[in-house]
Every structure is written in C-alpha cells, then in structure tokens.
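Notes for the one structure printed next.
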Number of protein chains: 2
Amino acid sequence: MKIIELDKKVLKRNDEIAEENRKALKQKGIYVFNLLSSPGAGKTSILERIIQRLKGRVDIGVIVGDVQTDNDAKRINKYKIQTVQIITNGACHLDSKMVKNAIKKIDLNNVKVLFIENVGNLVCPSNFDLGEDVRIVIMSTTEGDDKPLKYPPMFYSADVMIINKIDLLPHLSCNVDEIKNNALKINPNLKIFETSAVKGTGIDGLCDWIMDKIKK
Amino acid sequence: MKIIELDKKVLKRNDEIAEENRKALKQKGIYVFNLLSSPGAGKTSILERIIQRLKGRVDIGVIVGDVQTDNDAKRINKYKIQTVQIITNGACHLDSKMVKNAIKKIDLNNVKVLFIENVGNLVCPSNFDLGEDVRIVIMSTTEGDDKPLKYPPMFYSADVMIINKIDLLPHLSCNVDEIKNNALKINPNLKIFETSAVKGTGIDGLCDWIMDKIKK
C-alpha cells in the first residue's frame, strides 16, 4: 500500500519534469522520439540505420540509456553526432530527471530531432514519460506473436510499433499479422512499420515518416 | 532517497518470505528452479521441452508469471501437470509473496521439482529471491552478444545461463563464444548450456543436469 502511494508521488514528479523537458525542447524546435523495446530487439541498430539515412538532412541528437556499459553510445558516436550515454546503474528505465540532466550536455541549437533510446525492458519504461513527442515500441519477430497481449501497458502507451528482424521470418514460426492484430487489440491507433535493421528493409518508409513528423 | 530506503525494506521482507518458501519446499523434498529472461527468449518453450523429456520420470510443478494473460499456463497445461499462473497486473517481476500464495494451490506431495517462470524482464526480477535453489537465466542468440555486460545483475545472480535459439545462428552475426566470455566476465561460476527449444537441441544435456541436481 505504501509502495503504491510512493509510486504515485514518484510518477507525478516524473510527469512534471517530463513536461518541463517537453516545453524546453519544443521551444528550441526539437522533435523527440522515445524508443522502447525488450533487450536486443534492435533499438540501436534501427537508430544507426535512421542516422545513416537522415544525417546531413537534419541535425540529430541521441540520448542512450543502459543499465551498464557505454557500448551503445560508442556505436552511435561513429556517426559523429551529439550523443549522451546515461548509465542507470541498475535502474530498469530512464526517467525524466535523467533526461533533463542529459539534455544539458547537448548543444540544443544544433539539434532538430532527438532520439532517446530507453533501457531494454518491455515493462517499467512504459510508466515514465520523458518529455517525448512520440513513443516508438520496437518488437522483433523472434519474440513471439503474443507479446503485445502479455505486455499491454507498453503497447497501449506507444504511438508507433516497429516490427523488426523481418529478414528472419523464413526461419521462424512468427506470424506478423498475428503480432499486428494483437497490438491493435491493445491500441487501435498504433501506426505500424516493418523493418530489418540488418538488411535495411523498411527504413526508408520509417525515415520518410520521421521527416514528415519533424516538419509538422 | 526515500525510494531507496523503502526498496530496502521491500527487499528485506521479500528475502524473509523467500526463505520461508525455501524451507517449506525443502521440507517437502522439492527442488526449485527460477527461470529468467527477456521477453521471448524461450522460457516457456524450453520448459515445454523439459516437461516432454522428464514427465513420467519425475513429478513436475510449474508456476508461471506474466504481466497479463494466461497464455503460458495454457501451453503448460497441455502436459497435464500442476500449473499455477500468476498475473502480476503490471508488476515487472515475481516476488516471494506471489510465489508463496501460488504454492498454496499446488499439491506439494505430488511434486518433486518446481519450475518458476518469471516475468520476461532482464532487469527487475534479478533483485527478487523467490525461494529457489537454482536461478537460470536464458538469453537467445538474437539478442546481441553484449547483453551480459549490459544487464550484469541478472547474470551475476544466476547459477546457470542457457543460450537458446542456436538453430538461428547461421542467419545471425551472433558470436556464441563472445556471449560466453561476456557472461563469464560478470560471473565466472556460471554453468552454460546451449539449446534450441524449437529443434530440441541440447535439451537432453540440460535434463540430465536437472535430474542430477534433483537427486543430490
């Protein structure tokens, strides 16, 4: 009982700071995407593909969250764009305060779109608004068609679902239509993309959509 | 600060109940495995394979945890063994009290080995002792070789790591030796198995080891 009360307080404070982040970033004309998924679904790989396509067309900033290591920041740093690694030291999600602190390390005058890569976790991060404009959940074809039903808050709170690793479909019993049906049962408004970050499939459509969002 | 204090209290209470579970189950001569992984790494599929091999040789009980749905219990129920589904309703891990309540629904006189399938999450469940004898973390070849480094508490607290989905190796850039090296950096005492739940590879060795554990 006490835990629930405290959680409410924590979440309320998180929402307040998220709102501050959102206002500050909007004021600078920056559009923000929060990327969420299970560990290993392909957040960083998709982000790399997006950066390859959009670098030079738009100024990109990246915040990456991990329980431990700066491996993801190293992968993004190759593209010479502004990148901040948050190491949560055990925490299972990013929160708006971590993002607020990370934003201070970015030259916001040279960013038009900010991607926040959350900790790999299909449960906890769904509760924490970071100040994003759009929430993207990535699930991979290897995870099982019923995941949207088993982890509903994540799919309910997302605006977009990317089904990644479609290159592996010939080797799996995965049914993409079943994933889509399950996800739309939880959230009929989900916009859905299918990608293979490894092969580059579907990334153009995703990038067109991102550019369209930014322009609006 | 307040959260951390409360967490300590919650974890202390969890550990106490876990110890009660452990004693109660040991008294009945029941050996307990806690299965942990990311969503979709293959916990239920591996469990099904184990049940197929060991049913008739040893009395098995299963507790399955999910944020939502009783899909996993339905999959296990096919084998007509005692199964209890815990739906956590949003909680990101099983705790010892949930397991304590679940155990009450099992006829312990007819169980020799109990498998507890945790919520799919590579972060939070690592903090919660359930009263198990052995903790098994499953990671799949599709998740990326660096996962043990990125989620160290899970691999540090486990006794066993199963690398699942080895049938997909020809289609991935996964390096199994790299996974093993990374995991052993975090926990040099990890016992490691390689399996394909889909093809049945490696399940015999795993089952032999399980039977050996139970007999001790």
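The values are calculated or read from the model by the stated rules, or taken from the named source; none is laboratory data. Note that the structure is predicted; figures quoted are calculated from it, not measured. Ideal geometry is used to build each Cβ from the backbone, glycine not excepted, and the neighbour counts take in all protein chains shown. Calculation scope for accessible area: heavy atoms of the full protein, side chains included, ligands and nucleic acids excluded. Shrake-Rupley method; radii C 1.70, N 1.55, O 1.52, S 1.80 Å.
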> Looking only at the stretch B:45-59, which residues are within 19 Å of the chain's Cα centre (by Cα) and open to solvent by 10 Å² or more (accessible area, probe 1.4 Å)?
Replying inline: B:SER45, B:GLU48, B:ARG49, B:GLN52, B:ARG53, B:LYS55, B:VAL58, B:ASP59
>> So if I check each of A:LYS216, A:LYS100, A:LYS105, A:LYS191, which one is at pLDDT below 95 and away from every other protein chain (no Cβ under 14 Å)?
In response: A:LYS216
>> Pull out all pairs, ordered by first then second residue, where Cβ-Cβ is under 9 Å, the residues are six or more apart or on different chains, the first lies in the stretch A:172-188 and is over 16 Å from A:LYS150 (Cβ atoms) and modelled with pLDDT of 95 or more, and the second is part of a loop (DSSP other than H, G, I, E, B) and basic (Lys, Arg).
In response: A:LEU172/A:LYS165
>> Residues that are open to solvent by 20 Å² or more (accessible area, probe 1.4 Å), at least 2 per element: which helices (runs of 4 or more DSSP H) completely within the stretch A:146-209 meet that?
In response: A:152-157, A:176-186
> Quick one: how many residues across the stretch B:92-120 are in contact with a strand residue (DSSP E or B) (Cβ under 9 Å, 6 or more places away or on another chain) and closer than 21 Å to B:PRO39 by Cβ?
Replying inline: 11
>> Looking at the stretch B:195-216, I want the residues that are more than 25 Å from A:GLU143 (Cβ to Cβ) and have a partner that is among the hydroxyl-bearing types (Ser, Thr, Tyr) with Cβ atoms under 6 Å, at least 6 apart or on another chain. Which pairs are those?
In response: B:ILE214/B:TYR31
>> Can you pull out every residue in the stretch A:106-127 that is surrounded by fewer than 21 Cβ atoms within 10 Å (Cβ to Cβ) and farther than 18 Å from A:GLN27 by Cβ?
In response: A:ASN127
> Residues of the stretch B:165-181 being farther than 18 Å from A:SER45 by Cα and within 10 Å of chain A (Cβ to nearest Cβ), which ones?
Replying inline: B:LYS165, B:ASP167, B:LEU168, B:PRO170
> What helices (runs of 4 or more DSSP H), lying completely within the stretch B:1-112, carry at least 2 residues that are among the hydroxyl-bearing types (Ser, Thr, Tyr) and closer than 30 Å to B:ASP204 by Cβ?
Replying inline: B:43-54
> Taking the stated definitions as given, is B:PRO152 farther than 19 Å from A:ASP72 by Cα and either without any contact (Cβ under 8 Å) to a residue 40 or more places away in the chain or out of contact with any Ser or Thr (no Cβ under 7 Å at 6 or more places or on another chain) (or both)?
Replying inline: no
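Scan the stretch B:74-86 for residues that are in contact with a Ser or Thr (Cβ under 8 Å, 6 or more places away or on another chain) and modelled with pLDDT of 95 or more and jot them down.
B:ARG75, B:ILE76 - these are the residues of the stretch B:74-86 that are in contact with a Ser or Thr (Cβ under 8 Å, 6 or more places away or on another chain) and modelled with pLDDT of 95 or more.
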